[in-house]
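Quick notes on the structure that follows.
The values are calculated or read from the model by the stated rules, or taken from the named source; none is laboratory data. Because the structure is predicted, anything quoted here is derived from the model rather than measured. We place every Cβ from the backbone using ideal geometry, glycine too, and count neighbours over all the protein chains shown.
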Amino acid sequence: MVPACPRCGLMFRREPGQWLGSWFLNVCVVQTVVILILAVGVGVTWPDPPLGFIGSFTALSALAVPILFFPHSRTLWVAIDLAMTPLGFDDGVAPGFELESDLERWRAERDDQS
């Protein structure tokens with residue numbers, strides 16, 4: 001993962017220990033997937049569930065899902081962190097890339113009214 005957004009310059013690691021949230025998010029998703037596989041597997045084959053197959057599939061998903069989901073958990077955690085702690089003036093992100101289109105629309109509206 002790159003250290004900063006190439007578009008706006010946001011540093012993804014805003015403070016030490018920030019990635020613990022993405023790890024927690026990853027663990028929660030893996031636990032949810034494992035429980036769903038167990039519940040659906042046993043529920044669909046209820047009278048005589050194939051425990052070996054369900055257990056193998058559950059173990060495989062418990063190993064594969066965290067590896068596959070980890071980049072997405074980091075991205076989601078950055079979004080959650082930005083929602084919980086909005087950008088401040090000292091974060092070094094120039095808002096110009098977002099405001100440029102608004103400025104152009106404002107100028108066009110101003111010119112149309114005069």
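Things to note:
- Among the conditions (1) closer than 19 Å to residue 23 by Cα; (2) surrounded by 11 or more Cβ atoms within 10 Å (Cβ to Cβ); (3) at pLDDT 90 or above, the only one that residue 67 does not satisfy is (2).
- Filter pass, residue 43 being without any contact (Cβ under 8 Å) to a residue 40 or more places away in the chain, at negative phi and over 16 Å from the mean Cα position of the chain (by Cα): yes
Conditions (1) surrounded by 12 or more Cβ atoms within 10 Å (Cβ to Cβ); (2) among the aromatic types (Phe, Trp, Tyr); (3) under 30 Å from residue 93 (Cβ atoms), marked per residue:
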site	(1), (2), (3)
2	no, no, yes
5	yes, no, yes
10	yes, no, yes
23	yes, yes, yes
46	no, yes, no
49	yes, no, no
55	yes, no, no
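- Applying a threshold of 9 Å to beta carbon distances and a minimum spacing of six or more residues, or different chains, the list of pairs starting in the stretch 9-32 at a residue that is closer than 18 Å to residue 69 by Cα and ending at one that is assigned to a loop (DSSP other than H, G, I, E, B) and among the basic types (Lys, Arg) reads 19/13.
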